[in-house]
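Just so it is clear, none of the values below were taken in a lab; they were calculated from the coordinates. What you are looking at is a predicted structure, and each value in this text was computed from that prediction instead of being measured. Heads up, the Cβs are rebuilt from the backbone with ideal geometry, glycines too, and the neighbour counts pull from every protein chain shown.
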Amino acid sequence: MTDEKSENLDDDIPNLSEHALSALNEFLSEQEQHQIKFEQLRQKSLSSIQNYLGTNSQNKGNEEQNEENEVNMELFKEDWQLSQFWYDEETSNTLAQEALANTSPDSRIACISTPTAFVKLKSVNPLPKQTICLFEYDTRFNIYGNDFYEYDYKDPTKFQNSLELKNSFDFILVDPPFLSEDCCTKTMITVRWLGKKENCKILICTGAVLRDLIYRLVKAKMTTYFPRHKSGLANEFRCYSNYESQKIKWVKDEL
């Protein structure tokens, strides 16, 4: 009886072709290499934190630049269950340059649920002098050490050093992870918590359907700039801001 059951189970196991087996092994090897790379970067991050006080400023800057340049979005696969859709290269570069152009070297920039733009900011050469922090649910980005804050929009003001960080940022770049009023509202609570009470610039990327809500919550208006994603999105995606610049202009009916 046992042998018969065993034979039936064997019959249920699909036989993979040589091509399928090769593709599977290639996939598993790629995943293993990603894990090894992440572990190496994580160890470097921990080492950098431990040696922070023992390194002179010039060497420290060079070491940080080398480590940041090792990281790019190719290391991070989109997780659609987390509603992850990475920006394309033009968009991530535009958002990063917008943040830098509208801040000074001693400014603080917060990226909320915008890891693509954050990684781009951290890979600029030379490394920006601005303090740049990422508030993100995906803990893969903790390879950035003290610049990473584990964040869940469902608890908009509960994250490490929350009180110390309150009203301390000059520029906030934010992309609520889900196109819902609940997610948008709670994410904007975080924006208002982190942003300085005066003159904090806010740049938001989210769906066109949230236009009125965005304005009510943080007085940000729809702009003429269209963010794009690598994989494309069916929903109309727009950019909002509470300021205008050379690149970011409000649509005419928002004036």
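Taking a 31 Å limit on the Cα-Cα distance, which of the listed pairs Lys166/Lys219; Lys122/Lys201; Lys201/Lys230; Lys158/Lys219; Lys154/Lys252; Lys154/Lys230 fall beyond it?
Details: Lys166/Lys219 19 Å; Lys122/Lys201 19 Å; Lys201/Lys230 26 Å; Lys158/Lys219 24 Å; Lys154/Lys252 34 Å; Lys154/Lys230 27 Å.
Cα-Cα > 31 Å for Lys154/Lys252; rest within.
Apply the a/c threshold of 1.5 to the C-alpha gyration tensor of segment 82-239 and tell me whether it is rounded, prolate or oblate.
Working: a/c = 1.29, a/b = 1.12, b/c = 1.15.
Because its axes are fairly even, with a/c under 1.5, segment 82-239 counts as rounded.
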Inset, instruction - With unit charges on the beta carbon (Lys/Arg positive, Asp/Glu negative), name the residue among Pro156, Val119, Tyr144 whose Cα is farthest towards the positive pole of the charge dipole of segment 106-157. - result: Val119
Legend entry - Computed lengthening from Glu89 to Asp212, 0.36 nm per intervening residue step minus Cα-Cα distance: 41.4 nm
